[in-house]
Amino acid sequence: MSESVHVHKRFPDRLSLLLYNPIRRKLNPPAQLISRLRVGSKDTVIDFGCGPGFYTVPLARVAARTIGVDVSAKMLRQTGQNCKKNGVRVELKQSDGIAIDLDGESVDLILMVHVFHEIEDKEKVLHEFSRLLKASGRLTIVERTRAAGFLSRKFSPPVIDHKDVVSALTESGLLVMEVFQNGE
């Protein structure tokens with residue numbers, strides 16, 4: 001893992017327990033989203049902005065190859081520990097997304113959950129994702145698009161307009177196939 005990765009304003013490492021906990025798992029089981037994404041047993045999947053591995057662990061249970069990518073070395077260490085506890089194998093890479101050390105056209109799915117709003121140079125990151133995705137590959141972005149109650153607003157990612165996400169994808173040359181509500 002490179003120490004020269006540019007660390008941008010992001011979710012603080014010290015709050016990682018909010019990301020990987022049984023209450024969140026009960027309220028929003030990661031398997032629900034993963035099932036909806038139709039991840040196959042032959043797929044190579046990147047969990048971009050994997051944090052402590054909330055989605056990485058269940059992805060590794062169904063995909064042939066799972067790669068956790070995060071800008072934070074601490075989060076990647078936590079992902080590794082959580083994967084080990086759960087008996088799954090995952091490759092870990094430290095990156096801000098501008099350059100990810102993988103072959104081109106080698107990934108079936110890139111999943112980003114509550115990370116898109118943190119990316120500083122969306123154009124360069126989306127270009128890198130385009131390089132990594134197979135011709136049939138998919139990019140899935142999950143973001144909060146509506147406000148919720150006080151506690152949710154206090155401890156949740158910011159609300160962003162889904163049109164901003166679609167616009168960034170379209171401008172980068174990616175084809176938007178579907179926009180749906182996930183409930184997180």
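The values are calculated or read from the model by the stated rules, or taken from the named source; none is laboratory data. Values in this document were obtained by computation on a predicted structure and should not be read as measured data. Note that we place each Cβ from the backbone using ideal geometry, even for glycine, and neighbour counts take in every protein chain shown.
Where in segment 18-107 are there helices (runs of 4 or more DSSP H), lying fully within it, with 1 or more residues that are modelled with pLDDT of 95 or more, among the aliphatic types (A, V, I, L, M) and in contact with a Ser or Thr (Cβ under 8 Å, 6 or more places away or on another chain)?
Numbers: elements: 22-27, 30-36, 56-62, 73-85.
Filter on segment 18-107 gives 56-62.
Looking only at residues that are part of a loop (DSSP other than H, G, I, E, B) and among the hydroxyl-bearing types (Ser, Thr, Tyr) in segment 135-184, which one is modelled with the lowest pLDDT?
It comes out as Ser156.
Would you confirm whether any residue within segment 75-93 is surrounded by 15 or more Cβ atoms within 10 Å (Cβ to Cβ), within 13 Å of the chain's Cα centre (by Cα) and either closer than 22 Å to Arg38 by Cα or of a type in the set (Asp, Glu) (or both)?
No, that holds for no residue.
Could you go through segment 78-88 and let me know if any residue there is touching an Asp or Glu at 6+ places or on another chain (Cβ under 9 Å) and hydrophobic (A, V, I, L, M, F, W, C).
In the first step, residues of segment 78-88 are kept if they are touching an Asp or Glu at 6+ places or on another chain (Cβ under 9 Å); the result is 78-79.
Then keep just the ones that are hydrophobic (A, V, I, L, M, F, W, C); that gives none.
Within segment 78-88, none of the residues are touching an Asp or Glu at 6+ places or on another chain (Cβ under 9 Å) and hydrophobic (A, V, I, L, M, F, W, C).
Mind checking whether some residue in segment 125-134 is of a type in the set (Lys, Arg), in a helix (DSSP H, G or I) and modelled with pLDDT of 85 or more? If you could, list the steps in order and put the result at the bottom.
Of segment 125-134, the ones of a type in the set (Lys, Arg) are 131, 134.
The next check asks that each one be in a helix (DSSP H, G or I); those that pass are 131.
Now narrow it down to the ones that are modelled with pLDDT of 85 or more: 131.
Yes; the residues of segment 125-134 include at least one that is of a type in the set (Lys, Arg), in a helix (DSSP H, G or I) and modelled with pLDDT of 85 or more.
Could you please give the count of residues in segment 119-136 that are farther than 11 Å from Gly97 by Cβ and of a type in the set (A, V, I, L, M)?
Residues that pass the stated criteria total 2.
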